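A quick write-up on the structure given underneath.
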Amino acid sequence: MTTQNRLLLTVYAPALEGDDSRPLAAVRGMEQALPGLRLDWRVTGGRRLAALPQRDAWLVGKLKDGGFPLVCNGDESYPVTVMGRKNAGLFSPGGQALFEVHAKLPLDAAVNMAAADMLERVAEGTNAFWGRATPHDAAVDIAYQTAPTLEGPPSPRRGLPALKLFEHIRSPEIPYYLGWLNYWSAAAAQAIGFPDPARDADLLSRARRTATGGWVVQLTEAPLDLDNPAHLDALKRAYERFPEIGGRAAP
């Protein structure tokens with residue numbers, strides 16, 4: 001499996017509390033979105049695969065430190081993985097601890113078709129503030145936008161804008177960055193000013209409303225490829241449209 005054909009899916013939600021059911025909702029949401037997917041395997045300390053015949057009970061029993069361990073589909077030729085972790089308040093917007101879900105999937109035709117539904121199900125199932133699903137290569141370029149860096153001033157690639165570190169963004173409702181597919185909760189959409197019918201006609205043509213009043217917004221028809229000038233332009237236009245994203249409009 002090469003890095004060029006992976007989809008990275010991440011959502012940012014309020015921190016877990018007690019016997020929280022949201023980790024199960026995230027895992028089940030992925031399975032419901034992609035026909036035939038079963039995430040009922042784990043990776044042992046010896047890097048071997050082990051089946052989880054009672055996956056749900058095992059996962060509930062493994063919730064600790066604000067997250068859950070990696071589970072996968074057990075197919076090394078077609079690896080699908082998901083895990084959850086806590087982002088302590090020291091490193092998150094407004095000093096508020098968060099629950100993050102991170103998934104990786106092969107970006108083939110089936111995943112391409114299911115990606116928006118999967119992002120929506122995982123995000124809504126975890127009560128996420130926001131999230132995104134982006135091909136690996138584009139996600140690497142987007143990661144270079146975070147500023148400042150330990151090495152000195154920001155050095156975003158491809159003329160993309162510099163973004164603030166997560167802990168310097170004023171509230172968790174404000175997305176840190178954009179992606180190919182973007183989930184914005186109702187609160188996140190309000191925070192960034194979406195939608196404006198006069199300015200967002202193009203984005204609205206590739207957007208859908210969710211059951212909780214949030215949005216799934218797709219920047220480009222095909223998976224985001226920043227070697228494609230039209231895709232790069234679409235990403236730049238979206239950053240120009242939403243200066244709140246990445247904390248750029250904050251004082």
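The values are calculated or read from the model by the stated rules, or taken from the named source; none is laboratory data. These numbers come from a predicted model, not from an experiment. So basically every Cβ, Gly included, is an ideal-geometry build from the backbone, and we count neighbours across all protein chains shown. These area figures cover heavy atoms from the full protein model, side chains too; ligands, DNA and RNA do not enter into them. Shrake-Rupley method; radii C 1.70, N 1.55, O 1.52, S 1.80 Å.
Can you work out the base-10 log of I(q)/I(0) for the stretch 21-130 at q = 0.16, 0.24 1/Å, using the Debye formula on its C-alpha atoms alone?
-0.74, -1.41
What percent does the relative contact order of the stretch 2-84 come to when contacts are Cα pairs within less than 8 Å and at least six residues apart?
26 percent
Based on the Cβ-Cβ distance from residue 48 to residue 102, what FRET efficiency comes out when R0 is 25 Å, to the nearest 0.05? Walk me through the numbers on the way to the answer.
Numbers: r = 22 Å, r/R0 = 0.86.
After rounding to 0.05, the efficiency reads 0.70.
Once you put a point 7 Å from the Cα of residue 19 and another 7 Å from the Cα of residue 143, both along the Cβ direction, what distance in nm separates them?
A separation of 3.8 nm, rounded to one decimal place.
How much length would be gained if the chain were fully extended between residue 240 and residue 91, taking 0.36 nm per residue of separation minus their Cα-Cα distance, in nm to one decimal?
Result: 51.1 nm gained on full extension.
Evaluate Rg over Rh across the stretch 88-172, taking Cα atoms for both radii and Kirkwood's formula for Rh.
1.01
Per residue, how much accessible area does the chain have with a 1.4 Å probe, in Å²?
46 Å²
Given 4 °C and 1.567 mPa s, compute D for the stretch 209-251 with the Stokes-Einstein relation, Rh being the Kirkwood radius over Cα pairs; round to the nearest whole µm²/s.
Numbers: Rh = 12.1 Å.
The calculation lands on 107 µm²/s.
Using only the alpha-carbon atoms of the stretch 38-79 as identical scatterers, what base-10 log of I(q)/I(0) does the Debye formula give at q = 0.14, 0.17, 0.32 Å⁻¹?
So the normalised log intensities are -0.31, -0.45, -1.18.
How high is the relative contact order of the chain, in percent, with contacts defined as C-alpha pairs under 8 Å that are six or more residues apart? Kindly include the intermediate steps, with their values, before the conclusion.
Values: 514 pairs, mean separation 50.1, N = 251.
Across the chain, relative contact order equals 20 percent.
Kirkwood Rh over alpha-carbon pairs of the chain, then Stokes-Einstein at 4 °C and 1.567 mPa s: what D in µm² s⁻¹, rounded to an integer?
The Stokes-Einstein estimate is 70 µm²/s.
Run the simple label-point estimate for residue 170 and residue 225 please: 7 Å along Cα→C-beta, distance reported in nm.
If labels sit at residue 170 and residue 225, their model points lie 4.0 nm apart.
Highest mean first, what order results for 193-201, 173-181, 10-18 on Cβ atoms within 10 Å?
Order by mean packing, descending: 173-181, 10-18, 193-201.
Residue 108: accessible area at probe 1.4 Å, nearest 10 Å²?
Accessible area, nearest 10 Å²: 50 Å².
How many angstrom lie between the Cα centre of the stretch 168-234 and the Cα centre of the stretch 27-67?
Result: 30 Å between the Cα centres.
Given a 1.4 angstrom probe, I'd like the percentage of the accessible area of the chain that is carbon and sulfur, rounded to a whole number.
Ligands and nucleic acids excluded, carbon and sulfur give 52 percent.
Does anything in the stretch 34-56 have its amide N under 19 Å from the 7 Å Cα→Cβ label point of residue 81, and if so which residues?
Output list for this probe position: 37-52.
What is the stretch 164-251's relative contact order, in percent, from Cα pairs under 8 angstrom and six or more apart in sequence?
39 percent
Return the Rg/Rh value of the stretch 113-251, two decimal places, where both radii are evaluated on C-alpha atoms and Rh is the Kirkwood radius.
Numbers: Rg = 14.2 Å, Rh = 15.2 Å.
Rounded to two decimals, Rg/Rh equals 0.94.
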